[in-house]
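A quick write-up on the structure given underneath.
The values are calculated or read from the model by the stated rules, or taken from the named source; none is laboratory data. All of these numbers come straight from a predicted model, not from anything done at the bench. Note that each Cβ is placed from the backbone with ideal geometry, even for glycine, and that neighbours are counted across all protein chains shown. Quick note on the areas: whole protein, heavy atoms, side chains included, nothing else; ligands and nucleic acids left out. Shrake-Rupley method; radii C 1.70, N 1.55, O 1.52, S 1.80 Å.
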Amino acid sequence: MGTSNALSNTTLQNNTRIYLSSPHMSDEGYEQAYIKEAFDTNWIAPLGNNVNEFEKELTEKVGTKCAAALSSGTAAIHLALKAVGVGKKSGTDSAVDREDRDVVFCPSLTFSATVNPIVYQNATPVFIDSDEETWNMSPVALEKAFQKYGERAKAVVVVHLYGLSADLDKILEICDKYNVPLIEDSAESLGTKYKGKYTGTFGKYGIFSFNGNKIITTSGGGMLVANDIKASEERIAKVRFWATQSRDVARWYQHSELGYNYRMSNIVAGIGRGQLKVLDKRVEKKKNIFGFYRRELEMLDGVAMMPTNDWNEPNYWLSCLRLSGSVKPLDIMLALEKENIESRPIWKPMHLQPYYSECDFISQCASGSVSEKIFENGICLPSDTKMTENDLARVVKIIKKLWR
Ligand SMILES: Cc1ncc(COP(=O)(O)O)c(C=O)c1O
C-alpha cells in the first residue's frame, strides 16, 4: 500500500505541469497584507493608497520621475502614444487619408500589443527589422525607415524583447537626429538594465506590464512612466485624466476630450506593491534558469542561446534559444508538451500577421529578414520562477534526448 502510494506520488510529481512563466506571489504574503489594508479601509475602489504608493515605489525602484498605474501595458502604450501627439490627424478609411496618417516605427518581432495601440490612434505602424546581436530593433533599419518616411514619422516604439535590452544609445541617437520621441515598451523587461540603468527610463515614456505571465504580476495591469525632466508631472496628470474618462473639473459630468477607463484598481495595486518587493529575487531566479539552460544546452550541435553582451543586464524573463541543426523548435515543443511542459514559439513577426499584411516592413539587409529567421528557428523554454532544480533537469533531459 505504502509503496504504491509512494510510486503514484513520484509519477504525479514527474508529470506536474511546468509552466512557461506563471504568477509567483511572495512567500512572505506581502500582496495579501496590502489587499487586506484596502479591505480594512474600504478602499476597494476607485484608486486609493495602494495605487499612489505603487506608483511611487515603482518610480523609486526604476529611477524615473513619475508614473501612472493603468489597467494594462497595452493601455499604457496607447496613452503614451497619445501623450506624444500621435494621431492628431484623425483619418478615415479612404486611401488618400491613409497616405496622410502619422507613422510610428516599431519592431516587427514583438507581441501585437506593441502595435495595436498605434492603430487605436489612427496612425500607421511601420515595422522595423531586428538586429542579430540584440534580437531587438535594428538601428540600421530604423535609419532607413526615417529616410523613407521623413516628417510623417511621429514616434518610435522600441521593445526590450524577452527582457533583453535594445541598443538604446544607437536608437536614441537616431530619434534625436530626427527629433522624434522614443517610447519604450518595457512590458517584458522590468528589472533589465542597459549600461547600468533600468530599461523604461530612457525614452520620453516607458511602459511596464503586470500581466499574468510577466516577471511580476498584479493579475493584470500596467504602468506608464514619464522620464522627461521638464514636463513629466504635467504629462502624467494628463494621462491620469484621460485614463479616468477625461472628466473636466466641473460640478456635473462634463467631457471636453475623449476619455478611457484605464486606471488600475486599489486591490490590483496592492498585489503590485507586494510583488515589487520580490522583483530582485525573481530576476535572480530567472538568471539562474537561463544559466542552467546555457550550461546544459549550449554544447549541443546547432544551439545558440539568446544574445547577451557587456552592456545588457537582462531580467531573463524568458529563456530563449535558436536552433540551426536538424532539431527544430517544433520538435522540442512537441517533446515537452508530451511531458506536460509548456514552451512557446518566438513571437510571429508583425509584418507576417494577416491583419498587418498591408503595412510596410523595413529590413536590415537585402539578404532577408532577421526577425523572420529568429521566428523560424527560435523557441522560448519554460522559465517559471517556481521551477525546482528537478524541474529544470526534467526539461533538459527531454531536450537532450532529441540529439541522440
Ligand atoms: C512586448 C509586449 N508589449 C505589450 C504587452 C501588453 O501588456 P498587457 O498584457 O499588460 O496589456 C505585452 C504583454 O502582454 C508584451 O509582451
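A compact table of results
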item: Top-ranked residue of segment 326-383 - restricted to ones that are of a type in the set (A, V, I, L, M) and not in a helix (DSSP H, G or I), ranked as most open to solvent (accessible area, probe 1.4 Å); result: Ala366
item: Selection status of Ala269, within 16 Å of the ligand (Cβ to nearest atom), in contact (Cβ under 8 Å) with a residue 60 or more places away in the chain and either surrounded by fewer than 20 Cβ atoms within 10 Å (Cβ to Cβ) or part of a helix (DSSP H, G or I) (or both); result: yes
item: Count - residues of segment 167-201 that are in a loop (DSSP other than H, G, I, E, B), without any contact (Cβ under 8 Å) to a residue 40 or more places away in the chain and crowded, with 24+ Cβ neighbours inside 10 Å; result: 2
item: Top-ranked residue in segment 203-246 [being open to solvent by 30 Å² or more (accessible area, probe 1.4 Å) and in a helix (DSSP H, G or I); ranked as nearest to the ligand (Cβ to nearest atom)]; result: Arg240
item: Close pairs from segment 55-80: first more than 16 Å from the ligand (Cβ to nearest atom), partner modelled with pLDDT under 95 and assigned to a loop (DSSP other than H, G, I, E, B), Cβ under 6 Å, at least 6 apart; result: Thr64/Asn227
item: Ala166, sole failed condition from (1) touching a Gly at 6+ places or on another chain (Cβ under 8 Å); (2) within 16 Å of the ligand (Cβ to nearest atom); (3) not acidic (Asp, Glu); result: (1)
item: Identity of the residue in segment 1-19, open to solvent by less than 80 Å² (accessible area, probe 1.4 Å) and more than 21 Å from Asn390 (Cβ to Cβ), that ends up modelled with the lowest pLDDT; result: Gly2
item: Looking only at segment 20-49, and only at residues there that are at pLDDT below 95 and assigned to a loop (DSSP other than H, G, I, E, B), the one that is nearest to the chain's Cα centre (by Cα); result: Leu47
item: Test: residue in segment 104-127 that is closer than 18 Å to Met264 by Cα, out of contact with any His (no Cβ under 7 Å at 6 or more places or on another chain) and open to solvent by 20 Å² or more (accessible area, probe 1.4 Å); result: no
item: Test: Glu173 is within 14 Å of the ligand (Cβ to nearest atom), of a type in the set (Asp, Glu) and within 20 Å of Pro107 (Cβ to Cβ); result: no
item: Qualifying position, being touching a helix residue (DSSP H, G or I) at 6+ places or on another chain (Cβ under 6 Å) and under 18 Å from Glu188 (Cβ atoms), among Ser130, Ser112; result: Ser130
item: Selection from segment 135-166 of residues that are touching a residue at least 40 places away in the same chain (Cβ under 8 Å) and open to solvent by 10 Å² or more (accessible area, probe 1.4 Å); result: Val140, Lys144, Lys148, Tyr149, Arg152, Lys154
item: Residue within segment 247-259 that is touching a residue at least 60 places away in the same chain (Cβ under 8 Å) and open to solvent by 30 Å² or more (accessible area, probe 1.4 Å) present; result: no
item: Test: residue in segment 290-301 that is under 20 Å from the mean Cα position of the chain (by Cα) and closer than 22 Å to Gly163 by Cα; result: yes
item: Members of segment 384-403 that are of a type in the set (Lys, Arg) and buried (at least 16 other Cβ atoms within 10 Å of the Cβ); result: Arg394
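Results for (1) in a strand (DSSP E or B); (2) aliphatic (A, V, I, L, M); (3) modelled with pLDDT of 95 or more, shown as yes or no for each residue.
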| site | (1), (2), (3) |
| --- | --- |
| Gly87 | no, no, no |
| Ser90 | no, no, no |
| Arg98 | no, no, no |
| Val104 | yes, yes, yes |
| Ile118 | no, yes, yes |
